[in-house]
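See structure below.
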Amino acid sequence: MKIRVGVFFGGKSVEHEVSVISAMQAIAALDQEKYEAVPIYITKDNKFYTGPHMGQIDTYKDIPAALKQATRVVLVGGENTATLQCYPPKKLGNSTVGEIDVILPVTHGTNVEDGALQGFFEYLNIPYAGCDVCASAVGMDKWAMKSLFKSAGLPVVEGILTHKKKWFHDTEAEIQRVEAVCGGYPVVVKPVNLGSSIGISKARDRQQLEEAVETAMEYADRVIVETCVANLREINCSVLGDLDECQSSVCEEPLNATDILTFGDKYESGSKGSSKGMESLSRKIPADLPEDVTEKIQHLAAEAFRAINGNGVARIDFMMNNETGEVFINEINTIPGSLAFYLWQESGIAFDELLDKMIWLAIKRKREKDALTVTFDTNILSNNALSGSKGGKMGSKR
């Protein structure tokens, strides 16, 4: 029997459309001899829909029409599988639409990549690929991520965290704090919890800093301001595996026209109507780097992956000063665009093999988790201290 893989994508996120593209690539690449792909589209108001046509990219040219042909479902956890039940349930007959054995989340951004959706999968007690709740949350919160990397001894640039109330209450004080910590201008301003370079901009003076912070605060209440790396080269490296064993891919260098890689550079750089996602970005693979620098970045990528207890596939983005050779970790993407398959193809692992490894890692983690003790027998509910009047205190007074 084929393993039924629920491919989740979309969601209440500014990276909704990017997620659709990544998911369609993954569905097309799954080994049809081993797996049955079950596409589960999450609308921008967090409703689940499924149907065979939801696994085809052309469907999303007219989403309202596609949803009319699709079946809205809810997930019900079982002992070893999750059941898809139509919603609202049928008054007569069976409401079961299908079952899934393992979940492949191909979601990007807040509400779906930040641990929220992963927590739902944990509640369903079904194996899912990729990072767990904690690693996903850390991977989405750039300040938590930065703090964790710094405590692990990994190189990150200096920066500060500010939030709306603090910024607008005393803008001058916050600007002075930026200048003191970052050592002047230019600086990079980014929302704390978005990916795909959304809301990110560069500020070369105080006026631009205020404008950049206000732009970033349209997307998030908290904003990071960081020192800008001089003579910047952006280098990316992917990691595949788990805490027991992981490997790093070849490195890539995005070739963008701007001094910050923008959303347009990443996803709109291909031909009109392109649906290649991150694959369409102009890039150099492998990056033109000395062998020792490549090995250093691959080592740091694996260390960053281990630091957050990563699982599945992730992409770690680096900033490099091309004159001094200094390398800094920018961020880790726990569900990277296009699942970074293009990096693994250049590393000798085809997309279908990459997905196969991710699914195997998901099942392995579930098996190991099931072996843990999750209950603790106690007679506390039969304790006499529970009896008595309503609202009575339990146990003796101190």
For the chain: relative contact order, % (alpha-carbon pairs under 8 angstrom, 6 or more apart): 16 percent
Cut-off 10 angstrom, C-alpha nodes, Gaussian network model of the chain. Which of S147, S248, S382 fluctuates the most? S382
Amide H of I349 versus every other amide H placed in the peptide plane: which residues, excluding those fewer than 5 positions away on the same chain, fall under 5 Å? none
What nm value, rounded to one decimal, do you get for the distance between T324 and D370 when each label is placed 7 Å out toward the C-beta? 5.2 nm
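Mind checking segment 156-236 for GluC sites (Glu not before Pro) that DSSP puts in a loop (not H, G, I, E or B) and that have at most 15 other Cβ atoms within 10 Å? Mind dumping the intermediate values first?
Numbers: sites: E158, E172, E174, E179, E210, E211, E214, E218, E226, E234; in loops: E158, E218.
Of the GluC sites (Glu not before Pro), the ones in loops of segment 156-236 whose Cβ has at most 15 other Cβ atoms within 10 Å are E158, E218.
Counting other Cβ atoms within 10 Å of each Cβ, which GluC sites (Glu not before Pro) in segment 321-380 have at most 15 and sit in a DSSP loop?
Details: sites: E323, E326, E331, E346, E353, E368; in loops: E323, E326, E346.
Passing sites in segment 321-380 are E323, E326, E346.
Carbon-plus-sulfur fraction of the accessible area of the chain, 1.4 Å probe, in percent? Walk me through the numbers on the way to the answer.
Details: 9670 of 19510 Å².
Result for the chain: 50 percent of the exposed heavy-atom area is carbon or sulfur.
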Full extension between W143 and Q207 adds, at 0.36 nm per residue less the Cα distance, a length in nm of 20.7 nm
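Between D58 and Q247, what length in nm is gained on full extension when 0.36 nm per residue of separation is reduced by their alpha carbon distance?
Gain on extension, D58 to Q247, equals 64.6 nm.
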What is the P(r) of segment 1-86, as percent of Cα-Cα pairs per 10 Å bin from 0? 17, 51, 29, 3
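Using 19 Å as the Cα-Cα cut-off, could you pick out the over-long pairs in K44/K68; K44/K142; K68/K90; K12/K91?
On the way: K44/K68 16 Å; K44/K142 23 Å; K68/K90 17 Å; K12/K91 30 Å.
Correct reply: K44/K142; K12/K91.
Kirkwood Rh, Cα Rg: Rg to Rh for segment 145-221? Could you put the intermediate results ahead of the total?
Working: Rg = 12.5 Å, Rh = 13.0 Å.
With Rg and the Kirkwood Rh in hand, the quotient comes to 0.96.
Once you have the Cα-Cα distance between Y87 and L232, take 0.36 nm times their residue separation minus that, and quote the gain in nm to one decimal. All intermediate terms of the calculation are to be shown ahead of the outcome.
Working: separation 145, 0.36 × 145 = 52.20 nm, distance 5.09 nm.
Extra length from Y87 to L232 when fully extended: 47.1 nm.
What does the charge add up to near R306, with Lys and Arg as +1, Asp and Glu as -1, over the other residues with Cβ less than 11 Å from its Cβ?
Details: positive: none; negative: D242, D244, E245, E303.
Around R306, the surrounding residues sum to -4.
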Assigned charges on the beta-carbon of Lys, Arg, Asp, Glu; the chain dipole about Cα centre (debye): 1940 debye
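For segment 1-95, what does the accessible surface come to per residue with a 1.4 Å probe? Please give it in Å².
Values: 5010 Å² over 95 residues.
Computed with neighbouring chains in place, this is 53 Å² per residue.
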Histogram of C-alpha separations across the chain, 20 Å bin width, %: 26, 51, 20, 3
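Based solely on its DSSP helices, what 222 nm [θ] is calculated for the chain when runs of n ≥ 4 H residues each add -39,500 (n - 2.57) and the sum is averaged over all residues, nearest 500 deg cm²/dmol?
On the way: 12 runs with 124 residues, N = 398.
Using -39500 (n - 2.57) per qualifying helix, the result is -9000 deg cm²/dmol.
May I ask you to derive the FRET efficiency for N80 and D288 from their Cβ-Cβ distance with R0 = 41 Å, giving the value to the nearest 0.05?
After rounding to 0.05, the efficiency reads 0.25.
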When every alpha-carbon pair in segment 80-147 is counted, what percent end up more than 20 Å apart? 42 percent
Calculate the tail of P(r) for segment 32-180: the fraction of all Cα-Cα distances greater than 17 Å, expressed in %. 72 percent
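The values are calculated or read from the model by the stated rules, or taken from the named source; none is laboratory data. All figures in this text were calculated on a predicted structure; none of them were measured in a lab. Here Cβ is always computed from backbone atoms with ideal geometry, including for glycine, and neighbour counts include all displayed protein chains. Heads up: the accessible areas ignore ligands, DNA and RNA and are worked out on the full protein's heavy atoms, side chains in. Shrake-Rupley method; radii C 1.70, N 1.55, O 1.52, S 1.80 Å.
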